[in-house]
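First up is the structure itself, then whatever we jot down about it.
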Amino acid sequence: VLLGKRLFHFEKYDALLALFLLFLLISGIFNGGASSFYNAAAFALLALGYLLTGNLITNHRLANRVLHAMTLSSVPVAIFAVFEYALGLSRYDWLDEHFNGLIAGRVTASFNNPNTFAVYLLVAIFFSLGLAKEKLHTWQAAVYGIIAVLNTVALVFTWSRGAWFALLLSVLAYAVISLRKLPGYLLILFGALPYLLFFLPDAVLERLLSALTFNDSSVVYRVSIWRSSMRMFLHRFFTGVGVGPESFSAAFGEYAESGVVAEHSHNLFLEIGCEAGIFALLAFLGLLLLRVRHHVVYTRYAASSSVSVIIRTVAVTLFALVVFGMTDYPFSNLSICYLFFALFGIGSSTLRVAKREYDETLCYFDEDTSGDVAAVDVRL
């Protein structure tokens, strides 16, 4: 940027992200001590992955490389997870007792937590599906389809119900933004859904249904944490309690119901409000709402763009992470924090590429000189 070899694009996203990180750092400095400041600084640093991907990706080729890198790197991790489950090396942490014997533990691969691993797999699944669609009618589509199946199998073995529901709702969301004959497809889907349940393994079906009742201890645990966290949020409405699990757990005891201990609130939005206050939460919500508005406005640009599939893929992936965040806090792992904001940057850059391609096809210039026209011809 300093040498003039690359442009830095400053957008409304940057202002909202800067506000969000500012409020987070303020909470980290004035609440929770040294650990809170460390966590806030680490979060802010990794969130700048948005600026990296948002400004380095300037065309379809570079965006495609990112999807390829993410998809191919997920293959050995997913294979490791499948072997972990098959060899009985998965873990029984985070699993209700009545599932012992029915489920052979939960896989974590190299993530040390099945829910964190599930977030990574959600991203890998949608990226591989996006590449399969982009390479449709070629042998590569079959390869990416196989990778998507492999990652989905690994996702099942995490037994993360939040990730399962996020995957289902995100597939429906993709149908909403992609399919023209949506009502007909939805009618077929809802008509077939009761019959599809018969084909699910008993363990998967019971795991899904347990999320809809209060017979599962993890469901009761989460509801109790949400109630306690809401009390904490309302009491520390403007300042928050500090950033990170140490600050949260130290303050949580004052508001917790009897016998409940937690390091985070198991909800993305509630956690941001508890840690950094209402202003940080509003800035983060503004970031998401602005992206939705941006997608709506740029629909006509993205429709005929070379990056149209990538734009939709990233949008649905971010939606899946937000849906998952309704029942868990994905940012508790800093790698996932980086991944989320890097994805957000990919979305910004590809939308910008689509707009530029649209403008270039119109060939609108203030001075229609032969040099300008030649440059446009070469680009097209």
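Counting heavy atoms of the protein chains alone, Met326 has an accessible area of about 90 Å² for a 1.4 Å probe. Taking each residue as 0.36 nm, the span from Ala34 to Arg61 lengthens on full extension beyond its C-alpha to C-alpha distance by 5.4 nm. Heavy-atom accessible area for His235, with the other protein chains in place and a 1.4 Å probe, reaches approximately 120 Å². The 1.4 Å probe gives accessible areas that order Arg300, Arg312, Arg6, largest first, as Arg300, Arg6, Arg312.
Note on Leu45 and Met326: the model spin-label points, each 7 Å out from Cα along the C-beta direction, lie 3.5 nm apart.
Using only alpha carbon pairs under 8 Å that are at least six residues apart, calculate the relative contact order of segment 34-156 and give it in whole percent. Once normalised by length, the contact order is 24 percent.
The values are calculated or read from the model by the stated rules, or taken from the named source; none is laboratory data. Just so it is clear, the structure is predicted and the values come from calculations on it, not from any experiment. Methodologically, a virtual Cβ is constructed for each residue, glycine included, from the backbone with ideal geometry; neighbour enumeration extends over all protein chains shown. For accessibility, only protein heavy atoms count, side chains too; no ligands or nucleic acids. Shrake-Rupley method; radii C 1.70, N 1.55, O 1.52, S 1.80 Å.
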